[in-house]
1. How do the pairs read when you match residues in the stretch 79-104 that are closer than 11 Å to residue 7 by Cβ with residues anywhere that are open to solvent by less than 60 Å² (accessible area, probe 1.4 Å) and of a type in the set (Asp, Glu), using Cβ under 9 Å and keeping only pairs 6 or more apart or on different chains?
2. May I ask you to list the residues in the stretch 32-57 that are in contact with a Phe, Trp or Tyr (Cβ under 6 Å, 6 or more places away or on another chain) and surrounded by fewer than 16 Cβ atoms within 10 Å (Cβ to Cβ)?
3. Being in contact with a Ser or Thr (Cβ under 8 Å, 6 or more places away or on another chain), open to solvent by less than 70 Å² (accessible area, probe 1.4 Å) and closer than 13 Å to residue 5 by Cβ narrows it down to one of 16, 70, so name that one.
4. Could you please give the count of residues in the stretch 36-51 that are modelled with pLDDT of 95 or more and under 22 Å from residue 76 (Cα atoms)?
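The values are calculated or read from the model by the stated rules, or taken from the named source; none is laboratory data. The structure displayed is predicted, hence computed values, not measured ones. Here Cβ is always computed from backbone atoms with ideal geometry, including for glycine, and neighbour counts include all displayed protein chains. In case anyone asks, the SASA skips ligands and DNA or RNA and just uses the protein heavy atoms, side chains included. Shrake-Rupley method; radii C 1.70, N 1.55, O 1.52, S 1.80 Å.
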Amino acid sequence: MKIAILITTMNGGGAERVVANLSNFLLQKGHQVTIAVMRGLTSQYDLNPEVKVWYMSKTYSSSTNQHLTEVLVVNMFLRKLEKYDCLLAFLAVPILLSLLFCQSIQCPL
């Protein structure tokens with residue numbers, strides 16, 4: 001099964017730890033896992049090298065342009081999910097954007 005996970009950052013925190021542990025566990029069970037990180041370029045948690053990580057943005061600012069760019073990039077990512085069997089979204093912003101664009105997602109949310 002191909003599983004995509006959408007999260008805001010991987011810079012530390014409870015949800016980020018859950019994503020790292022869940023990704024490594026799912027990979028051990030034979031699934032393919034891709035993590036889409038909306039902000040930042042690193043993960044503070046150890047991920048199996050076979051877990052694909054797609055970093056959407058190097059930096060984050062609270063400017064309107066940054067928010068609009070983020071929404072467009074997430075929408076572009078979600079449109080590519082036709083080949084995935086499942087999308088998991090963690091934290092408020094990724095869940096909200098996933099629900100906002102759920103009509104363009106061709107996989108279960």
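1. If the second residue must be open to solvent by less than 60 Å² (accessible area, probe 1.4 Å) and of a type in the set (Asp, Glu), the pairs left are 90/16; 91/16; 93/70.
2. The one that is in contact with a Phe, Trp or Tyr (Cβ under 6 Å, 6 or more places away or on another chain) and surrounded by fewer than 16 Cβ atoms within 10 Å (Cβ to Cβ): 41.
3. The match here is 16.
4. Residues flagged as modelled with pLDDT of 95 or more and under 22 Å from residue 76 (Cα atoms) within the stretch 36-51 amount to 1.
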